[in-house]
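Colleague: First the structure, then my questions, so here it is.
The values are calculated or read from the model by the stated rules, or taken from the named source; none is laboratory data. Predicted model, so just to flag it, every value in this text is computed and none were measured. Every residue, glycine among them, receives a Cβ derived from its backbone with ideal geometry; neighbour counts consider all protein chains shown.
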Amino acid sequence: MSASPILITGGAQRLGRHCAERLLDDGHPVIITCRREREALDALRARGATTLQADFSTEAGIHDFIGRLRSSVASLRAIVHNASDWAADTDDEEAGANFERLFRVHMQAPYLINLQCRSLLEACPEPQRDIVHMTDYVARKGSKKHAAYAATKAGLDNLTLSFAAMFAPSIQVNAIAPALIMLGEDDDEAYAEKARAKSAMAMIPGPGVIYQSLRYLLDNRYVTGVTLPVDGGRHLS
């Protein structure tokens, strides 16, 4: 347990929320960001989590968040860049705006937060400080329907290498690249069966495997500049 909080961007739902809850279970102070107020935030706040509204779709929103974060905490144990936007490609006049939004959420926000919050991590008295980028399996494979999403996640994956070299040895920077981990509310059994068939492990594991991966990175003092695939062996299929 650290007295310095762990920041999880996009921590109000799905994988981010699960990791926030598990960190709280382990006694870590947690800060999460959210784009809008959600019912789940009340439960997290009741458990001691700090919540900060953040709009990473504009550069002004990113800088506004960084300013509020820096004024509210003296140090950070880790930053987990989990905020994400899942948007399919279009071929209309919105295509450029969609790409720009994905770039800001997946690349510019982590880039600026890492640079401008480095001092918060270095102020942590713990011997280990971490940055973890949540990328995606498709960053290395590409996507027929989500090219902009895949490209900007690939950019985040590359930032892992740059920041790991830049911030060593005081801060470790790694990434986690999940494939499908959990179903959405509207996914039916036919979709689930198709998803299971894509991996060698033939399963949809649930969010616990992501927390296990995050915990490994947070607990290992000798790992930096790597992307940890959590995809059930899709490359074997």
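Colleague: Check whether at least one residue in region 57-72 is among the acidic types (Asp, Glu) and closer than 28 Å to Phe163 by Cβ, and report yes or no.
Modeller: Yes; the residues of region 57-72 include at least one that is among the acidic types (Asp, Glu) and closer than 28 Å to Phe163 by Cβ.
Colleague: Looking at Ser162, Ser143 in this structure, which one is of a type in the set (Ser, Thr, Tyr) and assigned to a loop (DSSP other than H, G, I, E, B)?
Modeller: Values: Ser162 fails: assigned to a loop (DSSP other than H, G, I, E, B).
From the options Ser162, Ser143, the qualifying one is Ser143.
Colleague: Then there's this: If I filter region 133-150 down to residues being small (Gly, Ala, Ser) and without any contact (Cβ under 8 Å) to a residue 24 or more places away in the chain, which single residue comes out as farthest from Leu228 (Cα to Cα)?
Modeller: Among residues in region 133-150 that are small (Gly, Ala, Ser) and without any contact (Cβ under 8 Å) to a residue 24 or more places away in the chain, the one farthest from Leu228 (Cα to Cα) is Ser143.
Colleague: Would you be able to say whether some residue in region 121-132 is in contact (Cβ under 8 Å) with a residue 24 or more places away in the chain, assigned to a helix (DSSP H, G or I) and out of contact with any Asp or Glu (no Cβ under 9 Å at 6 or more places or on another chain)?
Modeller: Yes, region 121-132 has at least one match.
Colleague: Name the residues in region 4-25 that are under 13 Å from Ala78 (Cβ atoms) and either at pLDDT 95 or above or more than 19 Å from the chain's Cα centre (by Cα) (or both), would you?
Modeller: Ser4, Pro5, Ile6, Leu7, Ile8, Thr9, Cys19, Ala20, Leu23
Colleague: Restricting region 54-102 to residues that are at pLDDT 95 or above and aromatic (Phe, Trp, Tyr), which is surrounded by the most Cβ atoms within 10 Å (Cβ to Cβ)?
Modeller: Phe56
Colleague: Give me a count of the residues in region 165-178 that are within 14 Å of the chain's Cα centre (by Cα) and either assigned to a helix (DSSP H, G or I) or free of Cβ contacts under 8 Å to residues at least 60 places away in the same chain (or both).
Modeller: The total comes to 5.
Colleague: Restricting attention to region 179-237, which residues are of a type in the set (Ser, Thr, Tyr) and either under 29 Å from Met166 (Cβ atoms) or not in a helix (DSSP H, G or I) (or both)?
Modeller: Ser199, Tyr211, Ser213, Tyr216, Tyr222, Thr224, Thr227, Ser237
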